[in-house]
Amino acid sequence: MKSLLLLLLLVLLLLHESESATDNPIGVNYGTRGNNLPPPSQVVELLKNTNIGKVKLYDANPAILRAFAGTSFDITVGIPNEQIPSLVDQGAALSWMRQNVVTYLPDTRIRGIAVGNEVLAGKNSNQQLAAQLVPAMNSLQSALVTLKLNDLIKITAPQSLATLSTSFPPSSGTFRPDLAQSALVPLLTFLQATNSTFMVNAYPFMAYRSNPRDVSLAYCLFLPNSGVTDPGTQFLYSNMFGAMLDAVISAMKKLRFPDVRIGVSETGWPSLGDPSEAEVSLRNAMLYNRNLVFYISSSPGTPLRPKQQIDTYIFSLYNENLKEGPASERNYGLFRPDGSTVYDVGILKSGSVITPPSPFVSPNPPTPVTIPITPPPPPPPSRPPFATPPSPVTTPTPPSVGAPPAPVTYPSPTPPSVGAPPAPVTYPPPTPPSVGAPPAPVTYPSPMTPSFPKPPPSPVTFPAPMIPPSPVIVYPAPMTPPTPPYSGTPSTPSGGHGAPVWCVAKPNADATSLAAALGFACGEGGADCLAIQPGGACYYPNDVTSHASYAFNSYYQRHGRNYWNCDFRNNAVVAISDPSYGGCNYPAK
């Protein structure tokens with residue numbers, strides 16, 4: 001009778017899989033270390049308005065697993081490190097599987113089990129726990145086989161990149177000698193035998209924080225940079241994320257596991273930190289996660305694994321106020337506990353508006369960007385506004401990139417030699433790449449046949465990568481219109497007689513001053529600001545610097561392009577480089 005019931009359950013699972021399976025590579029970590037988080041039912045409703053397809057938990061919370069019943073999210077159930085020793089026993093593993101997995105099938109799409117977190121090289125790792133990791137995984141796998149779920153559910157064990165002794169260049173990636181044979185060979189043997197994925201926690205943020213002098217921020221944030229060439233393979237790396245993954249792939253090859261699939265169990269960038277954490281900002285967090293989503297969803301893979309899908313879980317869904325450590329540890333979230341977005345990374349479905357659910361009220365609700373179009377006339381000034389002398393002409397960095405250069409084709413890699421001597425763990429390139437012309441589009445060789453083939457992915461639309469934004473603010477009342485304080489013949493802007501020139505906001509200008517000047521330009525100044533309204537071609541990046549640049553340029557072009565038309569109380573500067581980007585065109589007469 002039991003065998004018949006198990007067979008019936010398996011048939012139901014396969015039918016459910018065929019009806020609603022997705023192959024969306026973007027996932028999120030759902031942590032619960034906060035005392036102000038919404039109930040799981042509201043979390044599920046929030047996630048339904050996003051393009052996220054996978055959710056990773058850190059335990060087997062019954063309320064959360066029940067809340068995901070009837071949805072299409074692929075769920076990975078976590079097993080905390082402290083539970084690993086008890087699961088070495090096969091009877092205990094089978095009992096755990098029945099209680100925490102079978103109970104919720106088939107309604108909840110449990111598709112993975114993550115055993116521990118950074119057991120081999122994390123801050124809480126120890127030799128005894130490391131020795132129990134693979135035995136516990138074997139017991140859990142035996143339970144899956146007994147329950148006939150081993151083809152549906154895969155077991156993995158997320159690890160830190162601290163398992164590497166060498167990480168740069170990527171082709172020299174090598175596991176630590178004290179872990180390679182004793183821990184990683186057994187783990188990789190298990191993953192290969194079960195057709196599972198080696199999951200790693202990859203944080204370019206950590207690498208930049210540890211060595212900001214030698215690591216390029218643009219390289220970490222997927223921004224335009226000159227890239228780094230691996231001397232061993234001649235592959236060009238345009239971002240640290242891909243270089244990190246290829247370092248792990250090279251390390252697996254050296255242990256003779258060239259085909260084990262790789263995934264990312266955690267990655268992210270905090271939006272708020274302590275005063276000493278200069279690398280932490282809303283701008284950097286938005287840039288990293290938005291460009292990460294674009295990179296992963298476009299399926300470029302890595303130079304060593306071209307066009308191979310990399311399942312990636314962003315850390316994390318919410319800011320969790322009970323996490324220990326510096327302030328950044330509590331501010332990795334994409335959403336606030338009230339359900340509002342901390343910043344937009346392009347995961348909301350088209351037309352979705354996230355409204356904070358009752359009764360949860362955000363202690364610090366986000367402020368929408370509003371731009372006055374026809375503001376009320378201000379009182380007359382005591383002195384002519386914007387009458388300060390104009391700034392010297394400089395060429396600011398344009399807010400985006402134009403057409404990319406010709407594609408670059410990578411040569412076939414040269415396999416690294418076995419037993420390369422370990423070197424200290426270093427992520428940065430020998431010479432940090434600088435932000436300049438956009439990197440060439442990558443054209444990889446024919447894709448490798450993945451060891452775990454999947455059906456064609458369902459279409460998921462993600463936005464194009466972002467350019468650097470600034471924190472969102474509300475624009476105050478507009479300033480009074482300027483009175484040209486100069487007489488005589490207007491000066492010729494820099495760039496030569498008749499050459500196109502533009503007026504943009506100074507990158508280091510005070511946000512409040514920019515907002516006031518923006519209010520004037522879009523109001524009494526008569527600038528055309530439709531393009532920076534919601535839905536306009538230049539609305540993104542949705543920040544005051546970008547919006548002010550567009551408005552300043554419109555005002556400047558409409559009022560004769562005199563140097564006093566590009567001052568705005570020393571908040572603007574004339575540029576000779578076209579700041580247009582994507583579909584956003586800055587006019588120039």
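The values are calculated or read from the model by the stated rules, or taken from the named source; none is laboratory data. Worth saying up front: this structure is predicted, and the values here are computed from it rather than measured. With ideal geometry, Cβ positions are generated from the backbone for all residues, glycine too; neighbour counts draw on all protein chains shown. Ligands, DNA and RNA are stripped out before the accessible areas are found, and what is left, the full protein with its side chains, is counted by its heavy atoms. Shrake-Rupley method; radii C 1.70, N 1.55, O 1.52, S 1.80 Å.
Key figures
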item: Flag for N138 being in a helix (DSSP H, G or I), open to solvent by 20 Å² or more (accessible area, probe 1.4 Å) and under 18 Å from F198 (Cβ atoms); result: yes
item: Residue under evaluation W269, criteria (1) out of contact with any strand residue (DSSP E or B) (no Cβ under 8 Å at 6 or more places or on another chain); (2) assigned to a loop (DSSP other than H, G, I, E, B); (3) open to solvent by 10 Å² or more (accessible area, probe 1.4 Å), criterion not met; result: (3)
item: Residues that are in contact (Cβ under 8 Å) with a residue 24 or more places away in the chain, open to solvent by 10 Å² or more (accessible area, probe 1.4 Å) and not polar (S, T, N, Q), drawn from region 88-115; result: V88, D89, A92, L94, W96, R98, V102, Y104, L105, P106, D107, R111
item: Elements of type helices (runs of 4 or more DSSP H) contained in region 155-245, each with 1 or more residues being more than 30 Å from I110 (Cβ to Cβ); result: 204-210, 217-220
item: Near pairs, Cβ below 9 angstrom, 6+ apart or cross-chain, from region 569-589 (closer than 17 Å to A527 by Cα) to any residue that is assigned to a loop (DSSP other than H, G, I, E, B) and basic (K, R); result: N571/K506; A572/K506; V573/K506; V574/R561; A588/R561; K589/R561
item: Residue satisfying all of: in region 68-80; surrounded by fewer than 19 Cβ atoms within 10 Å (Cβ to Cβ) and not hydroxyl-bearing (S, T, Y); nearest to I155 (Cα to Cα) among these; result: P80
item: Top-ranked residue in region 22-59 [being open to solvent by 20 Å² or more (accessible area, probe 1.4 Å) and closer than 17 Å to A114 by Cβ; ranked as farthest from the chain's Cα centre (by Cα)]; result: D59
item: I64 being modelled with pLDDT of 95 or more and either out of contact with any helix residue (DSSP H, G or I) (no Cβ under 6 Å at 6 or more places or on another chain) or at positive phi (or both); result: no
item: Some residue of region 273-292 being assigned to a loop (DSSP other than H, G, I, E, B), surrounded by 24 or more Cβ atoms within 10 Å (Cβ to Cβ) and either modelled with pLDDT of 95 or more or not β-branched (V, I, T) (or both); result: no
item: The one condition in (1) assigned to a helix (DSSP H, G or I); (2) farther than 18 Å from G583 by Cβ that A551 fails to fulfil; result: (2)
item: Flag for N570 being assigned to a helix (DSSP H, G or I) and more than 28 Å from the chain's Cα centre (by Cα); result: no
item: Test result for V460, among the hydrophobic types (A, V, I, L, M, F, W, C), loosely packed, with under 15 Cβ neighbours inside 10 Å and at pLDDT below 50; result: no
item: Residues (open to solvent by 30 Å² or more (accessible area, probe 1.4 Å) and without any contact (Cβ under 8 Å) to a residue 12 or more places away in the chain) located in region 526-541; result: L530, P534, G535, Y539
item: Condition broken by G519, with the remaining ones in (1) open to solvent by 10 Å² or more (accessible area, probe 1.4 Å); (2) assigned to a helix (DSSP H, G or I); (3) of a type outside the set (S, T, Y) satisfied; result: (1)
item: Test: residue in region 542-555 that is out of contact with any helix residue (DSSP H, G or I) (no Cβ under 9 Å at 6 or more places or on another chain) and either without any contact (Cβ under 8 Å) to a residue 40 or more places away in the chain or open to solvent by 50 Å² or more (accessible area, probe 1.4 Å) (or both); result: no
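Conditions (1) open to solvent by 10 Å² or more (accessible area, probe 1.4 Å); (2) not hydrophobic (A, V, I, L, M, F, W, C), marked per residue:
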position	(1), (2)
G122	yes, yes
L144	no, no
Q159	no, yes
T163	no, yes
L179	yes, no
T189	yes, yes
